[in-house]
Every structure is written in C-alpha cells, then in structure tokens.
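Below is one structure; the comments refer to it alone.
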Amino acid sequence: MPGLAHLYIGEEAVAVGICEALRPDDYITSTHRGHGHCLAKGASPDRMFAELLGKEAGYCRGKGGSMHIADPATGNLGANAIVAGSVGIATGAAFAAKRLGNERVAVCFFGEGALGQGSLYEVMNLAELWKLPVIYVCENNLYTEYTHFSETTAGEIPARAMAFGIQSVTVDGQDVRAVHEAAHHLVERSRHGDGPAFLLCNTYRYLGHHVGDINREYYRSKQEEQSWKSTRDPIRTLADWLLAEKLADRLSLDRIQSEVAAEMEAAVRFAVNAPYPSPEEVDQDIYA
C-alpha cells in the first residue's frame, strides 16, 4: 500500500467507548492513527480499506489514503497527518452546531504529542469562553512517536485543560465500559449547553509508531509490550466481563470473532480488486 500506516491495535476501547456515546450526526475529527475512529463512527470496512489502497471506491476516492480518511455521512470530518491539525476543525464544528442549535457534539481525538502544540490551547480557551459542545479526547498511548511522554510533557495532563476551567476526566483507556460511561456523561453535558470537556484516556499501541517501526527495544521493552497485551487487552477485558456476568458464553464470543475476521477478509478482497482512480481525476477535488 502507498505511504505509511499508523495502526490503532490496542487502543480500540477508546474509539468504541466514545463513538457509542455519540449520535450518528455528531462529529468527530481524527488523527494519523485514525482507522479505529473511522470504523467506530460507522464507516464501512470495504470502503475504508479501498481508501487505504488508494482505490476509487474509497471514502475519498483514493486520494486521502491512510492518514486522511473522511466520511461526512457518518460525521467523520477527517483524519489529519498534522499533529493537533484537527483541533480547530472540531472546535469550528462545535461552534457551528451551537449557532445552528442542532444539539450536535464534536469529539476531537488526538495523541499526547498534541499537548505540545499551541493551537490546542487557543481553541480550548475559545471553547470554554463560548461554551462550545466539544470534547477533547487525549489518547495517551505513552509514546510520542519514539519518546516516552514523561520526557516531553511537564506537569499533569488534565491540569492543562483545567487551567481554562474545562471539566477534565481521566479514565482507563483499556476498559471500554469505563470509557463509555465517562464519554456518555461528558457528551450529554456538552449537548445540553454546559460547554467543553477534556477526557484523558490512558491506553497503549501494541505495535510501532508506523508499520516500519519494527525494532522498538531502543525505546520500549518487549516485556512492557507483552505485559499490556496479556493483562490489559481491551477486547479480552470486555470478553472476560461478559463471561463473568453471564451475558455471553465462549461459543458466542468465538462466533463473533470468526464473523468479524470473515468481514475484514472480504473487505480487503474488495479493496484489492477495486480499480484505481482514472488519470482524468488528477485535477478534481483540488482546492486552493
């Protein structure tokens, strides 16, 4: 596939827990690690994979690729390869929603690396002043590319939003139930006019910063990776809870796993077999 892919594996509970608290017409903005957000907000896997492969059937007709998927029909205003690049877009969408009175909420996903970008603080300041319906979601997966966040981020992360008077909540980003509970409260609060919120989700990416980041021991150990995978996996955590509460049995969970695997395989086949955009489209959808 063309370009790099930044995988979301390990962080699924954040996207699912939050997007399940949203209405279909609510907005999200995403990041270069945006495939999980895209799917959780309702995108079709076949069209998403087609976009990853640069195919015409993709959500952006193959012109967005892995880092720029957008789907306005599901409220996804787009992924962004620029760190903190979408914070203004999400805040602008929230401003529009307030002016129109449609009770839509915007959720802005970003990694902890975005905490070093001044634009985030400019928009949070305005969002609180104008009581905009926007939730700033910091997905802290511990590593800003290859550097532990503690080496780049001074102080406590929630305090940065609290300095503007924004309500801040910290949650275990590996527990989809905890994420959803916190998100539901903050989303409904914003929807009813109480202004923005900041949600810190402590999570972990299982693989490298991008697909080429294979030998990672110079910045994190294999033991650390294995510990997160074996003891804090978000999907296994939910499955164990469902089994303990007798809300599902192992057979039904295995069946779901098989169905999802088959759906993804079919989506990949669709994308591989789909045509590329024609050369005549090279000057279409270009804006200056």
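Structural remarks
- Probe 1.4 Å, protein heavy atoms only - accessible area per residue of the chain in square angstrom: 49 Å²
- Per-residue SASA remark: Asp254, around 80 Å² accessible (1.4 Å probe; ligands, DNA and RNA not included).
- Largest GNM mean-square fluctuation among Glu188, Glu145, Glu265, using the chain with Cα springs under 10 Å: Glu265.
- Within the chain, the selection of entire DSSP H helices by a Cα span of 30 Å or greater along the long axis and an average Kyte-Doolittle value of at least -1.0 returns 250-273.
- On the principal axes of its alpha carbon atoms, the chain extends 52, 50, 42 Å, with the longest extent given first.
- For the set Met67, Met162, solvent exposure ranked by accessible area (probe 1.4 Å, protein chains only) runs largest to smallest as Met162, Met67.
- Projected area averaged over orientations for segment 53-192, convex hull of C-alpha atoms, nm²: 9.5 nm²
- When the solvent-accessible area of the chain is split by element, carbon and sulfur atoms take up 57 percent of it, the probe being 1.4 Å.
- The 1.4 Å probe gives accessible areas that order Trp228, Trp241, largest first, as Trp241, Trp228.
- Distant-in-sequence amide H partners of Ile28 (H built 1.01 Å from N, under 5 Å): Asn76, Leu77, Val107
- Fully extending the segment from Ala154 to Glu280, taken as 0.36 nm per residue of separation minus the present Cα-Cα distance, adds 40.3 nm.
- In this simple spin-label model, placing a label point 7 Å from the Cα along the Cα-to-Cβ direction at both Arg191 and Ile235 gives a separation of 2.9 nm.
- A Cβ-based charge dipole, computed about the Cα centre of the chain with Lys and Arg at +1 and Asp and Glu at -1, lands at about 260 debye.
- Square roots of 5 times each gyration tensor eigenvalue, C-alpha, segment 133-288, largest first, Å: 30, 27, 23
- Test item: Cα-centred dipole of segment 138-285, Lys/Arg +1 and Asp/Glu -1 on Cβ, debye: 540 debye
- Order of exposure, largest accessible area first, which applies to Arg189, Arg104, Arg250, Arg33 with probe 1.4 Å: Arg250, Arg104, Arg189, Arg33
- For Lys98, the lysines whose Cα falls under 20 Å of its own Cα, not counting residues fewer than eight places away in the same chain, are Lys131.
- CD proxy at 222 nm, helix term only [per DSSP H run n ≥ 4: -39500 (n - 2.57); per residue of the chain; nearest 500]: -12500 deg cm²/dmol
- Cα centre as origin, Lys/Arg/Asp/Glu Cβ charges: segment 155-223 dipole, Debye: 180 debye
- Listed by chain and number, the aspartates and glutamates placed with their C-alpha closer than 20 angstrom to that of Lys63 are Asp46, Glu51, Asp71, Glu280, Glu281, Asp283, Asp285; residues fewer than eight positions away on the same chain are left out.
The values are calculated or read from the model by the stated rules, or taken from the named source; none is laboratory data. Since the model is a prediction, treat every value here as computed from it, not as a measurement. Neighbour counts run over all protein chains shown; Cβ positions are idealised from the backbone, glycine included. Please note that ligands, DNA and RNA were not included when accessible areas were found on the heavy atoms of the full protein model with its side chains. Shrake-Rupley method; radii C 1.70, N 1.55, O 1.52, S 1.80 Å.
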